[in-house]
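Following: one structure in structure tokens, then a few remarks.
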Amino acid sequence: MASLQVNNVIKRFGDVEVLKGIDIDAQDGEFLVLVGPSGCGKSTLLNMIAGLDSITDGEVLIDGKVVNAVHPKDRDIAMVFQSYALYPNMTVEKNMAFGMEMRKIPKAERDKAVMSVAKLLQIEELLKRKPGQLSGGQRQRVAMGRALVRDPKIFLFDEPLSNLDAKLRVEMRTEIKKLHRRLGTTIVYVTHDQIEAMTLATRIAVMKDGILQQFATPQEIYDRPANVFVAGFMGSPPMNLIPAKIAKNGDGLSVEIATADERTLRLKLNGTGKGLSAHVGSDVLLGLRPEAITDLESSDSGGDIQEVECSVEVTEPTGPDMLAVLLLGGIEVVSRMRSSANVHMGEMTKFAVNMSKAVFFDTETEERI
Amino acid sequence: MSSHIDRPAATRGGVLGWLQIHLPKIVLSPTLAITGVFVYGFIIWTTYLSFTKSRMFPVTKWEGISPHVKLWANPVWEKALENLAIFGILYIGIATVVGLILAVMLDQRIRQEGVIRTIYLYPMALSFIVTGTVWKWMLNPGLGLEKLMHDFGWASFKFDWIVNSDMAIYTVVIAGVWQSSGFVMAMFLAGLRAVDDEIIKAASIDGASQPIIYWKVIFPLMRPIFLSSFVVLSHLAIKSYDLVIALTGGGPGYSTALPATFMYSQTFTRNHIDIGSASAVMMLITVAAIMVPYLYSELKAQKGVRQ
Ligand SMILES: Nc1ncnc2c1ncn2[C@@H]1O[C@H](COP(=O)(O)OP(=O)(O)OP(=O)(O)O)[C@@H](O)[C@H]1O
Ligand SMILES: [Mg+2]
């Protein structure tokens, strides 16, 4: 178990700057998830934490000690790779014991460690098989097993579930979470799946183009995304972003949304409007999660609920709930409500908007206000 | 109308349609016939001749196994087999090891890799006759290496293997290895490059040093390449004819005779078509003994993949 710090880490391949100054600080026992679109530098950062790639500038600290020059094998980390990277010529047992063999741990001890991890992951009957004779899910378990037998300070996972089918992925996600609760070891987990990130993490680092966009708890990232990119990337369907204007409304503020027929739709800002007085008269993006727009009956009980009338373009029942595409102002927004909601395609209906969940972004900088 | 649409397209135009169906067979049949006659036909013919009384000309009179008995009693044949054993083992072994070492060194992503790789591969583009001739000059005490050293003033330098009947077979090994190791290198390099990067990363996190990663993780993955390079090299070794003829002419005496040179001289210069044929059959059996299990395992592997 250990803490992990990444201080202003920069990575260049030739002239290309792939990581542009990343700062991350994970406590002991934390489940840190790195998430971002393909090519944003997640694997590169993970490789640098592991020591598999040199650091151009900045520092990586494990347990408070700078490890920039420490060889991967001496960092006391274990890694699970996206391709699993099992040794094809060795049996499962040998695969799992290889790291200990290299560290000259006696055979009896090795066997014991392999057996206990195999029991934990329920792969005892696979021990004598070669990786080629395993299914994808079994390989994934073995790859985890190989990391677990080492009992390292930090686990690094590089998209360990991306090669599994949807059902198995959900199962393994739960297993990994259980495992973390049981072992309490610090984990750094790379994924580009935002649901995995939300469900697993104690804290999420959202990256884009080698820049850290936001580093916060899942709830914080969901409720108060740092910028338009995070708002769009985390959450499915993504947050609705509605062009609007802040205006003075008596003592308080309100947000005005232009509709298609040149009217304006006005929503009062009661509690939420505090930081916005400086933006009166300027254009902003109003961010609303789909579940902050519902039919009137199922509106949130607390919070600042306001009514708007919208036309329903499309309804999409998903089973547990219903998504509806509404025309709010000039643009289409997605709302999420109970599947029994009394909402029909093509009708004008009143909807409840929970304005205490609203966030605002500057149109120019795309940062949250 | 509808029945017209149902008809397969190929049967539409009379002659054209017929051609469309039968053209592949027509194109392939001459090659098939030629291969049938000149490869398999002559294998059977040669095998038959090895049981006849053929001397200068092939005759069909049955003689039984006596040519084979004579073959095995011939001291030159015995020497040829001994040479084949020495040459085969050393040539295959050294070319494999040298090729592997070169491949591992090139795999370190050194600069100018393309140029170096091409340089090593060039010998394979030469014919064995050229290789043999070049090495004959280089190893000739009066012309090549030994003379060069003498000219440099190293008067005691001596390297006369090519004219020494005990050592001459090793010069054939040297020339053969020079010619083939670049090819082996190219095969191994392709194999090394195909190894998943993440496996190597995993091994290095597991604490394996670079040599151990090669030895325990990467080389075992090269098994199919070891096998194919063994098959290629071994049949080159067994068929070896031109290299020996150009380099030593089978001499001094018959000290560098190989089964192929033996077969040629018996058949075409010593008027013993029967013994020549018998030796050719022996070579075929040896090659088959290596190739058949290989092809069998390949086919089995392919079937396994398809399942
Ligand atoms: N060895 C290299 N040389 C040059 N550029 C590289 C190298 N390795 C990675 N890159 C570049 O660095 C960027 C980040 O790559 P990285 O593998 O970290 O992405 P990622 O976030 O893990 O993406 P994915 O989700 O697809 O795995 C990419 O644009 C990639 O092209
Ligand atoms: Mg990656």
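Overview of values
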quantity: The range B:127-193 and the range B:245-301: distance between their alpha carbon centers, rounded to Å; calculated: 23 Å
quantity: Cα pair distances of the range B:14-167 binned at 5 Å [whole percent]; calculated: 2, 6, 7, 8, 10, 11, 12, 11, 10, 8, 7, 5, 2, 1, 1, 0, 0
quantity: Accessible surface, 1.4 Å probe, highest first, among residues A:Glu309, A:Glu17, B:Glu198, A:Glu364; calculated: A:Glu364, A:Glu309, A:Glu17, B:Glu198
quantity: Accessible area in square angstrom per residue, the range B:123-232, 1.4 angstrom probe; calculated: 48 Å²
quantity: Estimated distance in nm for a label pair at B:Met124 and A:Glu125, the labels positioned 7 Å out from Cα along Cα-to-Cβ; calculated: 4.7 nm
quantity: Cubic angstrom per residue, convex hull over Cα atoms of the protein assembly as shown; calculated: 313 Å³
quantity: For the range B:90-95, 3J(HN,Hα) per residue [Karplus equation, 6.51 cos²θ - 1.76 cosθ + 1.60, θ = phi - 60°, Hz, x = Gly/Pro]; calculated: 5, 4, 5, x, 5, 4
quantity: Heavy-atom accessible area order for A:Phe155, A:Phe13, B:Phe157, largest first, 1.4 Å probe; calculated: A:Phe13, B:Phe157, A:Phe155
quantity: Built amide H within the under 5 Å cut-off of A:Gln214, gap 5+; calculated: A:Val206
quantity: Environment charge at A:Asn7 (Cβ cut-off 12 Å; Lys +1, Arg +1, Asp -1, Glu -1); calculated: -4
quantity: About the Cα centre, charge dipole magnitude for chain B (Lys/Arg +1, Asp/Glu -1 at Cβ), debye; calculated: 780 debye
quantity: Karplus-derived 3J(HN,Hα), 6.51/-1.76/1.60, for each residue of the range B:34-47, Hz, glycine and proline x; calculated: 5, 4, x, 6, 7, 9, 6, x, 6, 4, 5, 4, 5, 4
quantity: A:Asp76 - accessible surface, heavy atoms, 1.4 Å probe, Å² rounded to 10; calculated: 60 Å²
quantity: Long-range Cα-Cα pairs in the range B:154-307 (distance over 26 Å), rounded percent; calculated: 50 percent
quantity: Relative contact order computed over the range A:77-139 (Cα-Cα under 8 Å; 6+ residues apart), in percent; calculated: 46 percent
quantity: Vicinal HN-Hα couplings computed from phi for the range A:48-58 (Karplus, 6.51 cos²θ - 1.76 cosθ + 1.60; Hz; Gly/Pro x); calculated: 6, 5, 6, x, 7, 9, 6, 9, 5, 7, x
quantity: Per-selection Rg to Rh, the range A:202-341 - Cα, Kirkwood hydrodynamic radius; calculated: 0.97
quantity: Members of the range B:162-200 that become less accessible by 50 Å² or more once partner protein chains are added (1.4 angstrom probe, chain alone as reference); calculated: B:Glu198, B:Ile199
quantity: Stokes-Einstein D (µm²/s) once Rh is taken as the Kirkwood radius of chain A over alpha-carbon pairs, at 20 °C in 1.002 mPa s; calculated: 93 µm²/s
quantity: The range A:240-362, relative contact order [Cα under 8 Å, separation at least 6], %; calculated: 29 percent
quantity: Heavy atoms of B:Trp154: accessible area, 1.4 Å probe, square angstrom to 10; calculated: 130 Å²
quantity: Positive minus negative residues near A:Pro131 (Lys, Arg vs Asp, Glu; Cβ under 14 Å); calculated: +4
quantity: Selection from A:Ala113, B:Ile212, B:Gly176 lying farthest towards where the dipole of the protein assembly as shown points positive, charges on Cβ; calculated: B:Gly176
quantity: Scattering curve values for chain B, log₁₀ I(q)/I(0), Debye with Cα scatterers, q = 0.12 Å⁻¹; calculated: -1.00
quantity: Mean projection area, nm², convex hull over Cα of the range A:218-299; calculated: 6.8 nm²
quantity: Chains A and B together, accessible area buried on both sides, 1.4 angstrom probe, square angstrom; calculated: 1700 Å²
quantity: Net dipole in debye of the range A:154-238 [+1 Lys, Arg Cβ; -1 Asp, Glu Cβ; about Cα centre; nearest 20]; calculated: 320 debye
quantity: A:Glu313 long-range amide H proximity, modeled H, under 5 Å; calculated: A:Val325, A:Leu326, A:Leu327, A:Gly346
quantity: Accessible area of the range B:60-138 belonging to carbon and sulfur atoms, whole % at 1.4 Å probe; calculated: 72 percent
quantity: Ratio Rg/Rh, restricted to the range A:161-277 and using Cα atoms, in which Rh is the Kirkwood radius; calculated: 1.12
quantity: Column: log10 I(q)/I(0), Debye, Cα scatterers of the range A:261-369, q = 0.14 Å⁻¹; calculated: -0.58
quantity: Partners for A:Lys104 among lysines (Cα-Cα distance below 29 Å; same-chain residues under 8 apart left out); calculated: A:Lys65, A:Lys73, A:Lys94, A:Lys112, A:Lys119, A:Lys128, A:Lys130, A:Lys153, B:Lys201, B:Lys216
quantity: Accessible area of chain A belonging to carbon and sulfur atoms, whole % at 1.4 Å probe; calculated: 49 percent
quantity: B:His272 - accessible surface, heavy atoms, 1.4 Å probe, Å² rounded to 10; calculated: 50 Å²
quantity: Spherically averaged projected area in nm², based on the convex hull that wraps the Cα atoms of the range B:164-238; calculated: 6.4 nm²
quantity: The range A:4-233 - share of DSSP beta bridges that are antiparallel (%, nearest 5); calculated: 55 percent
quantity: Assigned charges on the beta-carbon of Lys, Arg, Asp, Glu; the protein assembly as shown dipole about Cα centre (debye); calculated: 3180 debye
quantity: Relative contact order (%) - chain A, alpha-carbon pairs under 8 angstrom, separation at least six; calculated: 15 percent
quantity: Kirkwood Rh, Cα atoms: Rg over Rh of the range B:78-181; calculated: 1.04
quantity: Förster radius 25 Å - calculated FRET efficiency between B:Ile34 and B:Lys300 (Cβ-Cβ, nearest 0.05); calculated: 0.25
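The values are calculated or read from the model by the stated rules, or taken from the named source; none is laboratory data. Given the structure is predicted, the values throughout are model-derived calculations rather than measurements. Every residue, glycine among them, receives a Cβ derived from its backbone with ideal geometry; neighbour counts consider all protein chains shown. For accessibility, only protein heavy atoms count, side chains too; no ligands or nucleic acids. Shrake-Rupley method; radii C 1.70, N 1.55, O 1.52, S 1.80 Å.
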